[in-house]
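Here the structure is laid out as structure tokens; the discussion comes afterwards.
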Amino acid sequence: MKTCKKCGESKGLDAFSGARSECKACVAKYDAKYYAENPEKERARKAKYYAENPEKERARKAKYYAENPEKERARKAKWRAENPEKERAIQAKYRAENLEKVRARDAKYYAKYRAENPEKVRARDAKYRAENVEKERANYAKYYASMTDGYVAAKLGFPVKKVPPQLIELKREHLRLVRLLKEKTK
């Protein structure tokens, strides 16, 4: 047992930090009061400590996150709900800086979703086409005019990866000639 010099209560040794003469509860009260009265000093002190000990801080935070995943998820969700503009800006910045990574992740997710939900995807696509007929026509006209490798391979009836580039070029030239003939005969 040890007696706290601040509150005068006798407490077990686990209620004290090391050789301090004040109990943890009294220290916490004092610290809270000090932080409230000196916020700028405390911010500067913490910033200096973080700058001088980045590895320690990373390890401390990682340990806390590992031990308190639910608390962290709740804290982050609350922050995102209270700061939607900041969250959008952070996501936009990340997306701009990691575009290829994000595209690869999204492609993987959507491929899995399409494989697991083919009926939903067909229904969604059909609904979109029905609601956006003009957009769909414009997209097809652009696709038709551009004669991409995908378009040409589809005309051949094969996936792009299975068609040699020389054959795609020949078919592309064939399609151009057919289109020219159609225009001349009109």
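The values are calculated or read from the model by the stated rules, or taken from the named source; none is laboratory data. Just so it is clear, the model here is predicted, and its values are computed rather than measured. Please note: Cβ atoms are built from the backbone with ideal geometry, for glycine as well, and neighbour counts cover all protein chains shown.
What the table shows:
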read-out	value
Condition broken by A92, with the remaining ones in (1) in contact with a Cys (Cβ under 8 Å, 6 or more places away or on another chain); (2) part of a helix (DSSP H, G or I) satisfied	(1)
Residue that is farthest from E173 (Cα to Cα) [pool: residues in segment 135-163 that are touching a Lys or Arg at 6+ places or on another chain (Cβ under 9 Å) and among the aliphatic types (A, V, I, L, M)]	V163
Tally of residues being in contact with a helix residue (DSSP H, G or I) (Cβ under 6 Å, 6 or more places away or on another chain), aliphatic (A, V, I, L, M) and either within 15 Å of S146 (Cα to Cα) or loosely packed, with under 12 Cβ neighbours inside 10 Å (or both) across segment 158-177	1
Sole residue being surrounded by 11 or more Cβ atoms within 10 Å (Cβ to Cβ), under 13 Å from the mean Cα position of the chain (by Cα) and within 30 Å of I168 (Cβ to Cβ), chosen from R105, R95	R105
Neighbours by Cβ (under 9 Å, 6+ apart or cross-chain): first from segment 166-186, in a helix (DSSP H, G or I); second among the acidic types (D, E)	I168/D149; R172/D149
Candidates A19, A25, A32, filtered to the one that is assigned to a loop (DSSP other than H, G, I, E, B) and not assigned by TED's automatic domain parsing to the domain that holds R75	A19
